[in-house]
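Below is one structure, written out as C-alpha cells, with a few remarks after it.
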Amino acid sequence: MTTQPLELTTTKARSHVNTVPAYFRQLKYMGAVGSVTLFALILVSAYLMPFAYGALTSLKTREQIVTSANGPILPVDHATFEWEGQQLQLYRVTLPDGEERELARLPESTLRMQYMLDPENPTAPPIELEIRRPQLQPVWKLNPHWENFKLVWEGQQGMVRLPRLMLNTILIAVFGVIGTVMSSLVVAYAFARFPLPFKRTIFLVLIGTIILPRQVTLVPTYALFVALGWKGTWLPLIVPHFFANAYNVFLFRQYFMTIPRELDEAAMIDGANPLQILIRVIIPQSFPVIMAVSLFHFVYAWNDYFEPLLYLQGKPELQPISIGIQNYNYIYDQQQGLLQASVLITLLVPVALFFMMQRFFMQGVVVTGVDK
Amino acid sequence: MAVQKKRTMSPLMRQQRRWGLIFLSPWVFGFLAFGLIPIIASLIFSFTDFRLTSGEAIQFNNFENWRRLFTQDTVIKDAILNTLRFAAIALPLSIVMPLLLAALLNSKYLFGKSIFRTLFYMPYVVPIISAIYIWRGMLGTEAGWINRILAEIGIKGPNWLQDAAFIYPALNIIGLWTLGNAMLIMLAAMQGVPTELYEAAKVDGAGPIRRFFSITIPMISPVIFYNLILSVIGIFRYFEVPYILREDQSANQAATMFPNVYLYKEGFALNDMGYASVLAWVIFVLAMGATILIFMSARFWVYYGAEERD
C-alpha cells in the first residue's frame, strides 16, 4: 500500500546522500591506484637497478670507477681550471662571508692551508682559506666515456672480436631454430592429428623429459660427440635440436588442437596427403606459435653457456658470445668499464628482440605454463 | 566407443597411423639417442674406469667409483649440503616472489599493467653471463650499489660473495632475475580464476587477504605445483652462476662447490668419465626423489577440481 511513496522518498534520499560517498569513493579509488602504482614503480626500479649500474659503469674509466666508489655514481671527472699551463682542481668552498664559490686550488696549498684562485678573476691575489684538504668539496664534471663501447667493439690484440662472436651466435641460433621448429612441428602434428599406438603414454614420456636432469645424459652424449669428432665444431649445439623438444612439441600441439579439423578434411578431399596438409593448412595457420618457438630458441641459444663451454673450449674463433665474453672478463680484469660495455652489448640483442616481439613471448610462456 | 576402437582398423586408419609414426619418428630417434640410451650408458659408465683421454679399452673397475662415493668422497657431501643451503632460500623465493608479483600485476588498482609486466619479465631474457657480471658489480664490497645503499641507511654491507654466510643470499639475489617466467604463468592462471568466486566470497564478507589465500592460491595451485617442480629441477641443475663466479675467484670456493660444478670438474677438467657418471646418477636420484616427493604431496594441496578431464 505504502510502497509507492516510500520508494519515491528513498530514491530521492539516495540520490541526495550518494553525491558525497560517490565522490569519496572515487577519491579512495584514485588513492589506491596511486599508491599501488607507486609501489610497483619503486619495486620495478629496484628490480631493474642493476641495468643502471651496468650502464653507468660502462661509461667510466678506471679512475672514474675509483672516484665513484666513494663519490658520485655518474661518470664524472674532477673539474679543473687551466692557469699558466697548469690544471688546477676546482672546489666548491664557502668563504668566511658565507658566499659559496668555485675556486681553483693552487699547488702551494698544504693539508691545512688552502691557497685558492678565483677562476673569474685569476690575476687577483690567491684567497687564503684555513680548511683541511679532505674537507674540500670537489666540483664534478660529467664526462661519460662512450668510446668504451667502440674500444670493446674493436677489441684488442689476441682476442676474438665481438662482431665475430655475434655472428657465431646468430648462426648457431638460426640453425637451431630451423631444427627445433621443423622437428617439433612434425612431432606435434603427429600428436595432434594422428592415431598412434599408446599415444597417451608416449605423450607423458615426452612431457616427462622436461623434468629429466640433463646431467644424467651428459657424459655419454659428450663421449658420443667426441667419438664422432664433433667436439670443437658447432654440430653438438645444433644437431640435437633436429629431434624435437618437449616444450616446443607441447606448445605446437596445443595450438594445432585449436585449428579446426574441417580445414584438414577439406584439403584431404582435394587430394592432399598429410604432409601437404601440414605445409598448406597447418603451417600457414600457425604463424604466432612458430614465432614464439623461434624466439624462445633464439634467446636460448644466445644465452646458453653450458654447452658451448663443453664443446667449444679451446676454439675461441668458433665460440658464441656467452663464452667469448668470459674471456673479456679476464682481459678486462682491471677495466670494469670495458667489461660492462661488453656485457651490455651482449644482452642488447635478446632484450631488444623481447621488446619488439613481446606478444609472442608472453603467449608462448602462458600456453606452456597454464595448460599443463 | 570402446567397442568401436577394438575393431580391426580400416585401411585409411592404418594409413593414418603410418603417417603419424613417420611424423613422430624424429622425437623417437632423439629420445633414444639423447635420452634413454645415454641414461643407461651413464649407469654402465659409472662402473668403469672410462677416461676420454686414454685410448685404452673401457674396463669394469670393481665398483671403485661407487666405493669412492660412499667411503672417501667428502666433496659431494659438502656439495649436497651447499645445495640444501641454497635451496632453503631459493625454493620459497621461487614461489613467493612470482606469486606476489603476479598478484600485484593482477591488481585492479595497478595503472600501466602491461608495461610493468614487460619490465618485470624482461631480465628473464638477459644472458646469464651478463647477469652475473652486472650483479657481481652490484654486490661489490666497496663500490657495489647494494652495499652503498646499505651504507646510506647506516649498515655496513658484507662481503657478499666471499663470506660463506652471505654467499647463498647473494646467489639468490642474482637468481631473482629469472622469476619472470613463473610470474607470467601465475598471472595468467590468476586471470583465469572465475570472478564469481571472488564475488561470492565478498558477499560472505571475506577481505582481500582472505580471498587471496582461500580462493586465488587454491585455484592456481596446479600452476604453483608446476613451478615448484621446475624450481626443484632448476636447483639440481644449478651450475652457471657458481661456476662462473668461482672460476675467476670472485666467490668463496668452498661455498660455491655445487654438485654440478663438481661433476664438471671430475668429468671435463679431470676427464674421469666413470666418476662423473656416478655423480650424474647421484644428482639424478636426488632430483627424482625430490620430484616424486612433491608429486606425492600434490594430493594434499593441489586443487584439480576446476580442471575438466577429457
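Just a few scattered comments:
- Filtered residue count, region A:219-240, keeping only those that are aliphatic (A, V, I, L, M) and either part of a loop (DSSP other than H, G, I, E, B) or not assigned by TED's automatic domain parsing to the domain that holds A:Val174 (or both): 1
- Selection count, region A:195-218, where residues are assigned to a loop (DSSP other than H, G, I, E, B) and not hydrophobic (A, V, I, L, M, F, W, C): 4
- Looking across region A:244-298 at every residue that is within 15 Å of A:Tyr189 (Cα to Cα) and outside any helix (DSSP H, G or I), the one that is nearest to the other protein chains (Cβ to nearest Cβ) is identified as A:Ala244.
- Whichever residue in region A:150-194 is among the polar types (S, T, N, Q) and in a helix (DSSP H, G or I) and, among such residues, is farthest from the other protein chains (Cβ to nearest Cβ): A:Asn168
Quick grid of which residues meet (1) free of Cβ contacts under 8 Å to residues at least 24 places away in the same chain; (2) more than 27 Å from A:Val367 (Cα to Cα):
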position: B:Thr195; (1), (2): yes, no
position: B:Ala201; (1), (2): yes, yes
position: B:Ser214; (1), (2): yes, no
position: B:Ile229; (1), (2): no, no
position: B:Ile233; (1), (2): no, no
position: B:Tyr243; (1), (2): yes, yes
position: B:Thr256; (1), (2): no, yes
position: B:Tyr264; (1), (2): no, yes
position: B:Tyr275; (1), (2): no, yes
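- Top-ranked residue of region B:130-144 - restricted to ones that are within 7 Å of chain A (Cβ to nearest Cβ) and at pLDDT below 90, ranked as surrounded by the fewest Cβ atoms within 10 Å (Cβ to Cβ): B:Glu142
For every residue, the table says whether it meets (1) more than 24 Å from B:Ala102 (Cβ to Cβ); (2) in a helix (DSSP H, G or I); (3) at pLDDT 95 or above.
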| position | (1), (2), (3) |
| --- | --- |
| B:Phe212 | no, yes, no |
| B:Tyr226 | no, yes, no |
| B:Gly234 | no, yes, no |
| B:Ile244 | yes, yes, no |
| B:Ile292 | yes, yes, no |
| B:Glu308 | no, no, no |
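Residue-wise test of (1) in the same structural domain as A:Ala244 (by TED's automatic domain parsing); (2) hydrophobic (A, V, I, L, M, F, W, C).
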| residue | (1), (2) |
| --- | --- |
| A:Ala124 | no, yes |
| A:Arg132 | no, no |
| A:Leu162 | yes, yes |
| A:Leu171 | yes, yes |
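- Evaluating A:Phe306 against the criteria (1) touching a Lys or Arg at 6+ places or on another chain (Cβ under 9 Å); (2) more than 8 Å from chain B (Cβ to nearest Cβ); (3) aromatic (Phe, Trp, Tyr) leaves one unmet condition, (2).
- Yes/no for A:Phe175 being modelled with pLDDT of 90 or more, assigned by TED's automatic domain parsing to the domain that holds A:Phe243 and crowded, with 18+ Cβ neighbours inside 10 Å: yes
- Here B:Pro123, B:Pro158, B:Pro92 are screened, and the one residue that is free of Cβ contacts under 8 Å to residues at least 24 places away in the same chain and in a helix (DSSP H, G or I) is B:Pro92.
- Some residue of region A:107-125 being aromatic (Phe, Trp, Tyr) and without any contact (Cβ under 8 Å) to a residue 24 or more places away in the chain: yes
- In region B:245-265, the residues that are surrounded by 24 or more Cβ atoms within 10 Å (Cβ to Cβ) and within 11 Å of chain A (Cβ to nearest Cβ): B:Leu245, B:Pro259, B:Asn260, B:Leu263
- Extreme residue, farthest from the other protein chains (Cβ to nearest Cβ), among residues of region B:266-285 that are among the aliphatic types (A, V, I, L, M) and more than 18 Å from the chain's Cα centre (by Cα): B:Leu270
- Within region B:247-276, tally of residues that are of a type in the set (Ser, Thr, Tyr) and either part of a loop (DSSP other than H, G, I, E, B) or in contact with a Gly (Cβ under 8 Å, 6 or more places away or on another chain) (or both): 3
- Scanning region A:51-108 for residues that are among the aromatic types (Phe, Trp, Tyr) and touching a helix residue (DSSP H, G or I) at 6+ places or on another chain (Cβ under 8 Å) returns A:Phe51, A:Tyr53.
- Residue pairs whose Cβ atoms lie under 7 Å apart, sitting 6 or more positions apart in sequence or on different chains, and linking a residue in region A:247-265 that is touching a residue at least 24 places away in the same chain (Cβ under 8 Å) to a partner that is not in a helix (DSSP H, G or I), are A:Gln254/A:Asp371; A:Tyr255/A:Ser286.
The values are calculated or read from the model by the stated rules, or taken from the named source; none is laboratory data. Fair warning: this is a prediction, and the values are worked out from it, not measured in the lab. When we count neighbours, we look across all protein chains shown, and the Cβ atoms used for this are built from the backbone with ideal geometry, even at glycine.
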